[in-house]
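Each reported figure results from applying straightforward, stated rules to the coordinates on display, with no laboratory input. Only a predicted model underlies this, so the values are computations on that prediction, with no experimental measurement involved. Here the Cβ positions follow ideal geometry from the backbone for every residue, glycine too, while neighbour counts run over all protein chains shown.
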Amino acid sequence: GDSVTQMEGPVTLSEEAFLTINCTYTATGYPSLFWYVQYPGEGLQLLLKATKADDKGSNKGFEATYRKETTSFHLEKGSVQVSDSAVYFCAGGSEKLVFGKGTKLTVNP
Amino acid sequence: NAGVMQNPRHLVRRRGQEARLRCSPMKGHSHVYWYRQLPEEGLKFMVYLQKENIIDESGMPKERFSAEFPKEGPSILRIQQVVRGDSAAYFCASSPTASGRLRNNEQFFGPGTRLTVL
C-alpha cells in the first residue's frame, strides 16, 4: 500500500534560519501530497498541497514541490519565525490518506 | 462556517469501561474519517464513513472498536472495555465528497479527543 516517510525530529532552529523537512512517498497510483501542521493542543491544519507531478504548493512562506522522479515532497521555508514552532506532517495517498510520523519544529528567538 | 467539532476534548476512563467519542463534521460534509495518534507516532487511519454506511474499516481493530455515522447526529467512535494501550489522541476529519481520489478533496480535521485510560 501507499506509505510516507518523513525526516524525524526534533528540529531546532534560530529565527530567520532556513528550514527543510524531507518527505518521500511510495504509491502504486498517482497520489496527492499534503503537508499538515499541528500546533500544541490543536488538530491538524492543511498547510499546502500538490495534486500532480511538478506542482508546487505554497502557503505562509512554506513551499513544497511534487517530484515524481525522486518521489519526494520536501517542505521548505526560507526564514522561519518563532510562530512556526509546531509539528509538521507529510501525508499522501491515492485512495486513503497516509501520514508520516511528524517532525517537531522549535524555533528560538 | 463552524469547523469539525469533536467532544469531549479530554476523556479519562478506567480499564474495562466504555469510551464514546463524538464528531460533528463541517456543515455540508457527508464523509467522515477517524484517525488515531499514539505518542510519538503519526496518524493511523481507522475508518471511513458516509451517512449510515461504513465505507472502509480496514484500520479498525477487530475487537472492541466500532464506529457509526447515523442519518441524524454526529459520528460516534465507540471503544468497549478500554485498555491502557487505547490511550491516544483520536482525530476526526471530514470532507465534502469522497476522498477516494484525493486530488482536491482536502480533509478538514477536528481538534481531537485525548483519551487516557487509567
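Just a few scattered comments:
- Positive contributions from Lys and Arg (+1) and negative ones from Asp and Glu (-1), summed over other residues with Cβ under 12 Å from the Cβ of A:Val107, come out at -1.
- Here chain A is scanned for GluC sites (Glu not before Pro) in DSSP loops (not H, G, I, E, B) that have at most 14 other Cβ atoms within 10 Å, and the longest stretch holding none of them is A:70-109.
- The label point for B:Ile54 and the one for B:Arg114, both projected 7 Å from the Cα toward the Cβ, are 2.9 nm apart.
- A simple count of charges around B:Gly16, restricted to other residues whose Cβ falls under 13 Å of its Cβ and scoring Lys, Arg +1 and Asp, Glu -1, yields +3.
- Segment A:80-109 and segment A:1-26 have their alpha-carbon centroids 7 Å apart.
- Mean-square fluctuations from a GNM of chain B, with a 10 angstrom spring cutoff on Cα atoms, peak among B:Val12, B:Val47, B:Val82 at B:Val12.
- Residue among A:Phe73, A:Phe18, A:Phe34 with the largest mean-square fluctuation in a Gaussian network model of chain A, springs linking Cα atoms under 10 Å: A:Phe18
- As computed over the protein assembly as shown, the Cα convex hull volume per residue (Å³): 120
- For segment B:1-90, convex hull of alpha carbons as volume per residue, Å³: 100
- Annotated for the protein assembly as shown: lysine pairs at least 8 residues apart or interchain, Cα distance under 17 Å, count 16.
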